[in-house]
Structure formats: C-alpha cells, structure tokens
Amino acid sequence: MAKEKFNLVVLDKIPPCDLCKNIGVNIEAYVDGKTTTGQWAFMCRYCYSNHGVGLGLGKGQLLKRKDSNE
C-alpha cells in the first residue's frame, strides 16, 4: 500500500502510545490518529489496529523518526 505524503509526519522523537501508557506500558507510537470512540491519540501498531479509524485528513497520520531508514 502506498503511503501518501500527507499521511506521514517526521519527528525527532516519537512519543509513547497513549493507550498503552494508560496501563503502564511504554511502547513507541506508530500513528497519531482518531480512535473509534472519537478521541485522538498516539497509538502503537497493536492499538491502532484495534482502535484506529484509518489514515488521511480527519483520520490520522503515520509517525516516523527523523533518523529512521524505513
């Protein structure tokens, strides 16, 4: 699947997943996006697959570390 430019944001530091952080787990976020309950959150891959609504305008964007080669 092609990643469009507006769906990707490059950051110096990736924040932790907000949903995992609530239960005491510190894991790097994969997406900044809207959840199925309407709130926005930084989400890891697992939380995004279970709670995310998609990518794009009004939905969410992928997060990438500035020094990452992905």
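The values are calculated or read from the model by the stated rules, or taken from the named source; none is laboratory data. Because the structure is predicted, anything quoted here is derived from the model rather than measured. Heads up: the accessible areas ignore ligands, DNA and RNA and are worked out on the full protein's heavy atoms, side chains in. Shrake-Rupley method; radii C 1.70, N 1.55, O 1.52, S 1.80 Å.
Using θ = phi - 60° and the Karplus relation 6.51 cos²θ - 1.76 cosθ + 1.60, list the HN-Hα couplings for the stretch 40-47 in order, rounded to whole Hz, with x at every Gly or Pro.
9, 7, 7, 10, 6, 4, 4, 5
Given H placed 1.01 Å from N in the peptide plane, which residues other than close sequence neighbours of Y30 have an amide H under 5 Å from its amide H?
Residues meeting the amide H criterion: M43, C44, R45.
Using modelled backbone amide H atoms (1.01 Å from N, in-plane), which distant-in-sequence or interchain residues come within less than 5 Å of K59's amide H?
Distant-sequence amide H within range of K59: zero hits.
Can you give the Rg/Rh ratio of the chain, where Rg is from the C-alpha atoms and Rh is the Kirkwood radius?
Reported Rg/Rh, Kirkwood definition of Rh: 0.95.
Could you run the Karplus curve 6.51 cos²θ - 1.76 cosθ + 1.60 with θ = phi - 60° over the stretch 31-37 and give me ³J(HN,Hα) per residue in whole Hz, x for Gly and Pro?
Listing the rounded values in order: 9, 10, x, 7, 9, 5, 9 Hz.
What is the count of Lys pairs in the chain whose alpha carbons sit under 20 Å apart, if the two are 8 or more places apart or on different chains?
Lysine pairs satisfying the spacing and distance rule in the chain number 16.
With n ≥ 4 as the cut-off for DSSP H runs, can you work out [θ] at 222 nm for the chain, using -39500 (n - 2.57) per run divided by the number of residues, rounded to the nearest 500?
Mean residue ellipticity at 222 nm (helix-derived): -3500 deg cm²/dmol.
Using alpha-carbon pairs under 8 Å, 6+ residues apart, how would you state the relative contact order of the chain in percent?
38 percent.
Please build a GNM for the chain, connecting alpha carbons under 10 Å apart, and tell me which residue among L55, L19, L11 fluctuates the most.
In this elastic network of the chain, the residue with the biggest mean-square fluctuation among L55, L19, L11 is L11.
So what is the accessible area of the chain per residue, in Å², with the probe set to 1.4 Å?
Roughly 73 Å² per residue, with all protein chains present.
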